[in-house]
1. Restrict the check to segment 173-183 and report whether at least one residue is under 20 Å from the mean Cα position of the chain (by Cα), modelled with pLDDT of 90 or more, assigned to a helix (DSSP H, G or I) and among the small types (Gly, Ala, Ser).
2. Quick one: in segment 18-41, which of the residues that are more than 16 Å from Arg94 (Cα to Cα) and modelled with pLDDT of 75 or more is surrounded by the most Cβ atoms within 10 Å (Cβ to Cβ)?
3. Within segment 87-112, can you find the residues that are hydroxyl-bearing (Ser, Thr, Tyr) and buried (at least 18 other Cβ atoms within 10 Å of the Cβ)?
4. Any residue in segment 94-113 that's touching a residue at least 40 places away in the same chain (Cβ under 8 Å): show its pairings with residues that are in a helix (DSSP H, G or I) and of a type in the set (Ser, Thr, Tyr) at Cβ separation under 6 Å, as long as the two are six or more apart or on different chains.
5. In segment 34-43, how many are touching a helix residue (DSSP H, G or I) at 6+ places or on another chain (Cβ under 9 Å) and either free of Cβ contacts under 8 Å to residues at least 40 places away in the same chain or on the phi > 0 side of the Ramachandran plot (or both)?
Amino acid sequence: MLQPAYNVTSCSIIFKDVRWMTIADENVLDWIDLCRHNDRAAQEKLYKYFFHDMFTLCRRYANDQHEALTILNDGFLKVFSNITDYNSRLGNFRPWLKTIIINTAIDFTRRNKKETYIIHIDQVQEQGDDDFRLAYSNNLEEILRHFNVLPSVTRIVVNLFAFDGYTHKDIAQQLNISETTSRWHLAEARKRLKSSMQFKQTKQV
């Protein structure tokens with residue numbers, strides 16, 4: 001059975017390994033070719049090279065670092081199992097990788113969250129346009145603390161729309177909901193996050 005290329009127990013170790021790496025695209029393509037033949041060293045290099053970027057993505061979908069690492073490792077298992085499907089002529093590797101990690105995060109949420117449910121709304125009063133503007137600091141952990149107030153599906157919609165470039169049509173297809181339902185979740189997230197942020201500001205005064 002295929003195992004993760006690099007079993008992570010402490011993300012701080014990986015951050016130290018990753019931040020100094022500046023690798024040409026040609027090297028990444030070489031690793032991908034070797035991964036097609038289950039080369040363990042190449043799998044480890046590919047995993048470590050994309051770790052910081054993909055772990056940050058997973059943290060937005062997860063409640064904590066442990067969940068994020070689980071999602072990441074599950075995602076890379078799928079990547080290595082299906083890497084022969086990747087065609088460099090059709091596009092860069094990162095978007096292909098990112099799509100698999102996002103899908104893994106969504107599957108993980110559906111599988112593990114009892115509160116995961118879909119609210120179907122036929123008509124909803126729109127609140128403003130589709131812009132999702134919240135004045136966060138650059139501190140990832142602060143953003144994630146606010147995200148933890150959101151129900152699982154609402155958080156998925158926010159991540160897909162505000163961070164990962166999905167349209168409401170894309171989200172509707174991905175989650176098997178209507179575009180109106182997707183818009184509702186975004187409006188609900190805006191309301192809850194605004195309340196959470198105001199509460200935090202009140203406590204700091």
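1. yes
2. Here the answer is Leu34.
3. Residues satisfying the conditions are Thr104, Thr109.
4. From segment 94-113, the pairs are Ala105/Tyr61; Thr109/Ser152.
5. 6
The values are calculated or read from the model by the stated rules, or taken from the named source; none is laboratory data. All figures in this text were calculated on a predicted structure; none of them were measured in a lab. Because the Cβ atoms are built from the backbone with ideal geometry, glycine has one as well, and the counts that use them run over all protein chains shown.
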